[in-house]
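Below: one structure, written as structure tokens.
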Amino acid sequence: MSEIEGQNGTAEARFWAKVNKSGECWIWTSSTSSYGYGRFRIGGEGSRNLGAHVVAYRWAKGTIPNGMVLDHLCRVRSCVNPAHLEIVTPEENSTRGMISRVAEVPNCPNGHPWSENTYMPRRGYRICKACAYPKSQEYNRKRRAALVSTKG
């Protein structure tokens, strides 16, 4: 078992008192980051908050190599169950997150299926062809009409 600076019975008791273990995911019930990850302060004065999932993982399984991150296999950011966490590269973690978000939403906001109508620009977000192309065609038609009326 790997040690985290400040690990002792009191810190562990304080940590686990903030976790709901009633389901498969062990949900962090205390403070969270703006992204929904649990935050836990360990150590004395001058210490900083750590990701609650990182603390749980390190206590259960050991250190996380430099340059690597933890991926929530369950896709629940507030989960601190070490069995739901896997060490991966930041790129792999980002890719997995994007894939899960894409899979969660089968249709664009107007109801068109993503599988048939998706355009993926370099920035990584999706554009629905069925929604975007008629808008761009209408914009181009109005622009051409405006150009003709100013020349005429």
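Please treat every number below as a calculation from the coordinates, not as lab data. All of these numbers come straight from a predicted model, not from anything done at the bench.
What do the square roots of 5 times the Cα gyration tensor eigenvalues come to for the range 36-97, in whole Å, largest first, as semi-axes of the equivalent ellipsoid? Write down the numbers at each step before the final one.
Details: eigenvalues 81, 32, 26 Å².
Over the Cα atoms of the range 36-97, the semi-axes work out to 20, 13, 11 Å.
Between ASN66 and SER47, what length comes free when the chain is fully extended (0.36 nm per residue of separation minus the Cα-Cα distance, one decimal in nm)?
Details: separation 19, 0.36 × 19 = 6.84 nm, distance 1.99 nm.
Separation in residues times 0.36 nm, less the Cα-Cα distance, equals 4.9 nm.
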